[in-house]
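Worksheet: one structure, shown below.
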Amino acid sequence: MSRLAPLSGFPEWSPAERIVEAHLLDTLRQVFALHGFGEIETRAIEPLERLGGEAEASKEVYVLTRRGGDSAEFGLHFDLTVPFARYVEERQGTLQFPFRRFQIQKVWRGERPQEGRFREFYQADIDVVARENLPAHLEAEVAVVMARALAALPLPAARMRMNDRRLVEGFYRGVGILDVAGALRSVDKLGKIGAEGVATELAAQDVSDSAALAILELAKIQSPDASFGEAVVDLWETTPTHGDAQAQALLGEGINALAALVESVNAAVPGTAVADLSIARGLDYYTGAVYETTLEGHEDLGSVCSGGRYDSLVAGGGFPGVGMSIGVSRLVSRLVSRGMLVATRSVPSAVLVAVSDEDNRGASDVIATKLRARGIACEVSPTAAKFGKQIQYADRRSIPFVWFPGDGDDGEVGAGQVKDIRSGDQVPADADAWLPPADDLKPRVVRG
C-alpha cells in the first residue's frame, strides 16, 4: 500500500499541541465575554456570489459541489466578516444595537501554504456594529479588548500598530493622488517589496515622483504617543502640492482621531499602541482606524491581529462598525513549533487506576468511577500486568499518579494506595476524598 501524503496547509495537532490550542481559544472566549461580547456561530458555507466581492480573496475560495450534482453554488467562507455581514443583515430586526459579537471558527483559503499561513485555520473575531452612528470611543474599546486578550495569553509582548484612513486619505489627496485606494494597496506591500518596489507600483499608477516620495516619507513616521502629529504637519508643510482644503481638513481629523486612539489604548494597556503611518490595510472598506499587531521578537511572523473601522458592513450600505481578528492557528503554529508553549502532559488523565488481576478489574472500575464523579480525570490500566509495567505505562502516557486498589470487600472498594510516579511518594488514599495537587488536576500550558 502506498504511503499517504499529508495535505499541505491543513494542520493536524497532536494531543499535547491541541491542549495548547484549546488553552488559547478558551482564554480568548473568557476575555471577550468579560467585555460584554456575545458569541455567535455561523454556517461554514455561503452562496458563491457573496464570496466573490473582493477580487483577491475570491480566487482563494474553496467551492463545494455534490458528487454527481450540478455546478457549484456554494463555497467555504474565507473569513468571518462575510458570514457576519449576512447574519446582521438577516437578523437586523431582532438584534440589539450596538451589537457586540465575537466569533471563533475555522475558515478556508486556497492560498500558498507557508509558515504561519494555512488553508484551514481558526480565526477569532470581535466586532461592534451600530445601526446608524458608531461612536469614536468604540475604536479604542475594541483595540483595548484585543490587547487585553493577547496580554492574557502566554505570549511575547504584543505591539499594536495603528493608523487612520482619514489621515492617510487626506495626505494622499493633498499631494495630488487621485486613486487613493490603489496607492494604499501598494503601500500595504511595503514590508514585502520594500520602498523601491512600492515606488515602481506607484509610478505605474501615474503617481508623480514627488507624491510617491512624500507618501513613502509619511510611512516612516512612528511614535508611541501623539507626537507623530507634529511630524505629519512638518511633512505636509514641506510638500509642494496640498492646496485642497477638504484634504487638509480630513488630514487634521485623522491626526486628532489617531492621537486619541493611541493615548486611550496605552492608558488602558500601557506600552501596547504605536502610531505607525506605514499601516495601510489595503482593503477598501476601512474608513477610520486600522490596526496591525506583531509579537516582539517574532516580527517575521507578520501581523497576528488586524482590523479597522468601516462605515458599512453590508453591501449597499448600512451598519457602521469596528472589528479586529486574531489568526489563532498562526499563533499556535509558532508557539508549538518553537517550543514556546508546552502542555504539562499530553493526556487529561491525572490517575491511572492499576488492575491487580482481571478477576478484580471491577474494583478498579469502581475506583475510577468515584474519582471521575469528583472531577478527577482517570483511566483504568488496559492490562493486569505486573505493577512495574503498569507504572511504566503511566509514565509513557505522562500520567502523574498510579492508584493501587486495596484488598477490601465490595463495601470497602475505594481504599488503596496512590503513588506519585515522579517523586516515588506513595500514601494511603480513599477515592471518596483524595485530591491531586491543583497543578496536577488538569493539563496546564506553560512556557517552554
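About its Cα centre, the dipole of region 359-448 is roughly 660 debye, where the only charges are +1 on Lys and Arg Cβ and -1 on Asp and Glu Cβ. What whole-number distance in Å separates the alpha-carbon centres of region 107-144 and region 1-78? Each part reduced to its Cα centre gives a spacing of 14 Å.
Classify region 1-127 from the C-alpha gyration tensor, please: rounded if a/c falls under 1.5, else prolate or oblate depending on whether a/b exceeds b/c. Taking the square roots of the gyration eigenvalues as a ≥ b ≥ c, region 1-127 is oblate.
Note on the chain: dipole from Cβ charges, positive end direction compared against GLY302, SER186, SER264; the farthest Cα belongs to GLY302. Please find the FRET efficiency linking ALA203 to THR94, where r is the Cβ-Cβ separation and R0 is fixed at 56 Å, and quote it to the nearest 0.05. Using R0 = 56 Å, I get an efficiency of 0.65. Using only the alpha-carbon atoms, how far is helix 361-373 inclined from the longest principal axis of the chain? Give it as 0 to 90 degrees, nearest 10. The angle comes out near 40 degrees.
A dipole drawn for the chain from +1 and -1 charges on Cβ atoms has a positive end, and of THR65, PRO47, ASN163 the residue lying farthest that way is THR65.
With the Cα gyration tensor of region 1-51 giving a ≥ b ≥ c as the square roots of its eigenvalues, does the rule (a/c under 1.5 for rounded; else a/b larger than b/c for prolate; else oblate) give rounded, prolate or oblate?
Oblate is the answer for region 1-51, as a/c is 1.5 or above yet b/c matches or exceeds a/b.
Segment LEU435..TRP13, full-extension length gain: 148.9 nm, with 0.36 nm per residue of separation and the alpha-carbon distance subtracted. In this view, the solvent-accessible surface of VAL290, computed with a 1.4 Å probe and all protein chains in place, comes to about 0 Å².
Of all the options ALA249, ALA147, ALA280, the one that moves most in a Gaussian network model of the chain with Cα springs shorter than 10 angstrom is ALA249.
Against the main long axis of the alpha-carbon atoms of the chain, helix 328-337 sits at an angle near 60°. Result for the chain in a Gaussian network model with C-alpha springs under 10 Å: among ALA384, ALA130, ALA16, the largest mean-square fluctuation is at ALA384. To the nearest Å, what is the center-to-center distance of region 296-312 and region 252-284, using C-alpha atoms only? Distance between centres, Cα-based: 13 Å.
Taking only Cα atoms and a 10 Å spring cutoff, compute GNM fluctuations for the chain and point out the largest among SER71, SER329, SER349. Of SER71, SER329, SER349, the most mobile in the Gaussian network model is SER71. In the chain, the longest principal axis of the Cα atoms and the axis of helix 228-237 are about 20 degrees apart.
Accessible surface of TYR122, taken over heavy atoms with a 1.4 Å probe and every protein chain present, rounds to 50 Å².
When you count the other C-beta atoms within 10 angstrom of each residue and take the mean per peptide, 359-368, 426-435 line up highest first as 359-368, 426-435.
Distances over 29 Å make up what percent of all Cα-Cα pairs in the chain?
Details: 58497 of 100128 pairs.
Looking at the chain, the distances longer than 29 Å represent 58 percent of pairs.
For region 245-349, a crude dipole built from +1 on the beta carbon of Lys and Arg and -1 on the beta carbon of Asp and Glu, taken about the Cα centre, is about 500 debye to the nearest 20.
Remark: region 84-211 projects, on average over all directions, an area of 11.4 nm² (convex hull of Cα atoms).
Here the simple spin-label model places points 7 Å from the Cα toward Cβ, and for ALA226 and LEU4 these points are separated by 6.0 nm.
The values are calculated or read from the model by the stated rules, or taken from the named source; none is laboratory data. All values reported here derive from a predicted model rather than from experimental measurement. Backbone-built Cβ (ideal geometry, glycine too); neighbour counts: all protein chains shown. Note: accessible area is taken over every heavy atom of the protein model, side chains too, but ligands, DNA and RNA are not part of it. Shrake-Rupley method; radii C 1.70, N 1.55, O 1.52, S 1.80 Å.
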